[in-house]
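Remarks on the structure that follows.
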Amino acid sequence: MLSGIGPAGHLAERGVEVVQDLPGVGRGLQDHPAAVVSWPVVRGETWLDAMSERNQALYAEDRRGPLASVGQAAAFLRVGADAPAPDVEITPMLIDFLDNSTPGLSCLVTVLKPRSRGTVRLASARPADAPLIDPRYYEDAKDRELVVEGLRRTLAIGDSPVMRALVGPASFPAATDDAALLESARTSAVSFNHPAGTCRSGTDDASVVDPLLRVHGIGGLRVADASVMPALPRAHLHAPSVMIGERAAEFMSTR
């Protein structure tokens, strides 16, 4: 948008000369929002126990050892009654996300196919100014239903006999009615760092790039990252982003 490619009205408001009016730039922001469930660990080691000088040196020198990853597992669940595939991910991590000064276990509960859509806009015409990002997490009612049920199932796992040998009662959320669970999802919401969709591909007027990743109306310019995704996959974005880059390289070498 700073280069003049985007919604003409918004660019004019920010004092940016319009080069190409593309209303879809900055629209359709999608992300994988994650809510937090935490328990105190009463038996076993956590990430805090790994904070030894040896492990810190191992990570600093070789990016190896217990500090190289805070999470090593994930579960993909069908939560919605009509879900054709997993729609919630739970990711356990041996650290208390809300109070990392005490031994704890947290699970991130993530809606995989959110319907909510956010925006990215310019704060000003100055490149140093951070953009205005409004993710609009849980704006859609279906997303709210999924995260509440995902939290409920995650809490049930923590209440199982096997888990109760290792953790105490959940420290967050404190209440388990629907309203309290939704509020906990909102107050603990974090991004899974999977933003996408703000330059989506397509052939309609709201799209930004064509199926060959070429920006509409601008010669010699392509976009090759997660922003071209019309919809989030039910998974993390690293692998599909690599694929987009590889396909872009093929397009550029042959067309």
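Summary table
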read-out	value
Tally, over region 208-233, of residues that are more than 14 Å from PHE251 (Cβ to Cβ) and among the hydrophobic types (A, V, I, L, M, F, W, C)	6
Some residue of region 21-31 being acidic (Asp, Glu), in a strand (DSSP E or B) and in contact (Cβ under 8 Å) with a residue 12 or more places away in the chain	yes
Near pairs, Cβ below 9 angstrom, 6+ apart or cross-chain, from region 91-105 (over 14 Å from ALA35 (Cα atoms) and of a type in the set (D, E, K, R)) to any residue that is at pLDDT below 90 and part of a loop (DSSP other than H, G, I, E, B)	none
Test: ASP96 is surrounded by 22 or more Cβ atoms within 10 Å (Cβ to Cβ) and either of a type outside the set (A, V, I, L, M, F, W, C) or more than 13 Å from GLY28 (Cα to Cα) (or both)	yes
Output for region 216-239, where each listed residue is in contact (Cβ under 8 Å) with a residue 12 or more places away in the chain, closer than 30 Å to ALA75 by Cα and either loosely packed, with under 15 Cβ neighbours inside 10 Å or among the hydroxyl-bearing types (Ser, Thr, Tyr) (or both)	SER227, PRO230, ALA231
Candidates ALA179, ALA235 - the one that is more than 17 Å from ARG27 (Cβ to Cβ) and outside any loop (DSSP other than H, G, I, E, B)	ALA179
Elements of type strands (runs of 3 or more DSSP E) contained in region 41-150, each with 3 or more residues being in contact with a Leu (Cβ under 9 Å, 6 or more places away or on another chain), in the same structural domain as THR187 (by TED's automatic domain parsing) and closer than 29 Å to LEU166 by Cα	88-93, 104-111
So MET243, is it in a helix (DSSP H, G or I) and in contact with a strand residue (DSSP E or B) (Cβ under 9 Å, 6 or more places away or on another chain)	no
Every residue from region 191-215 that is within 14 Å of the chain's Cα centre (by Cα), crowded, with 20+ Cβ neighbours inside 10 Å and either without any contact (Cβ under 8 Å) to a residue 60 or more places away in the chain or not in a loop (DSSP other than H, G, I, E, B) (or both)	ALA196
Those residues of region 165-190 which are over 24 Å from the mean Cα position of the chain (by Cα) and free of Cβ contacts under 8 Å to residues at least 24 places away in the same chain, in sequence order	ALA174, ALA175, ASP177
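The values are calculated or read from the model by the stated rules, or taken from the named source; none is laboratory data. Owing to the predicted nature of the structure, the values given are computational and were not obtained by experimental measurement. FYI the Cβ positions are ideal-geometry reconstructions off the backbone, even for glycines, and counts take in every protein chain you see.
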